[in-house]
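Read through the structure below, which is laid out as structure tokens, and then see the notes.
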Amino acid sequence: QVQLVESGGGLVQAGGSLRLSCAASGRTFSRYTMGWFRQAPGKEREFVAAIIWSGASYHYADSVKGRFTVSRDNAKNTVYLQMTSLKPEDTGVYYCAADSGWVHTTPGSYDYWGQGTQVTVST
């Protein structure tokens with residue numbers, strides 16, 4: 001069992017930066033692929049980024065490539081999402097999730113979810 005808690009969301013102006021953190025409980029954190037998803041009001045949850053257990057491989061949605069960076073520190077049981085050059089369309093609730101398999105972009109592939117953290121990008 002893995003419990004996930006996101007933090008670091010907030011209100012930022014367009015062009016600004018935020019770093020989200022996701023702290024995991026459980027001794028098996030390092031075995032999981034970790035993903036970030038987001039959900040805007042009235043829209044489906046969408047994939048943002050994912051990183052495999054070792055950190056050696058990662059994947060990004062086209063909409064965030066070159067602006068967002070996913071990383072993890074297995075010693076701290078934490079995964080991060082560094083977001084730069086933020087745009088209003090990045091607004092939404094950001095969730096981290098744990099997947100016992102390889103990198104997946106579909107929410108249904110993930111086994112555990114955090115409660116989410118709100119990111120709002122103003123114009």
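Structural remarks
- When you restrict to C-alpha pairs under 8 Å that are six or more residues apart and normalise by the size of the chain, the relative contact order lands at 36 percent.
- Within the accessible area of the chain (1.4 Å probe), percent carbon and sulfur: 48 percent
- Cross-link reach list, lysines versus Lys87, counting only Cα pairs under 23 Å and skipping chain neighbours closer than eight places: Lys43, Lys65
- The trypsin sites (Lys or Arg not before Pro) of the range 16-99 that meet both conditions, a loop assignment by DSSP and at most 13 other Cβ atoms within 10 Å of the site Cβ, are Arg27, Lys43, Lys65, Lys76.
- What you get for the range 52-123, charging only the Cβ of Lys and Arg (+1) and of Asp and Glu (-1), is a dipole of about 180 debye around the Cα centre.
- In Hz, Karplus ³J(HN,Hα) per residue of the range 40-47 (6.51, -1.76, 1.60; θ = phi - 60°; x = Gly, Pro): 8, x, x, 10, 6, 5, 10, 5
- Solvent exposure of the chain amounts to 51 Å² per residue of accessible area, where only protein heavy atoms count and the probe is 1.4 Å.
- A 1.4 Å probe, protein heavy atoms only, puts the accessible area of Tyr58 near 130 Å².
- What the phi angles of the range 112-123 give under the Karplus curve with 6.51, -1.76 and 1.60, with θ = phi - 60°, is a coupling list of 9, 9, x, 8, x, 9, 7, 10, 10, 10, 9, 7 Hz, glycine and proline written as x.
The values are calculated or read from the model by the stated rules, or taken from the named source; none is laboratory data. As the structure is a computational prediction, the values presented were derived from the model and not from experiment. Using ideal geometry, Cβ is built from the backbone for each residue, glycine included, and neighbour counts are taken over all protein chains shown. The protein model used for the area step is the full one, side chains on, heavy atoms only, and it has no ligands, DNA or RNA in it. Shrake-Rupley method; radii C 1.70, N 1.55, O 1.52, S 1.80 Å.
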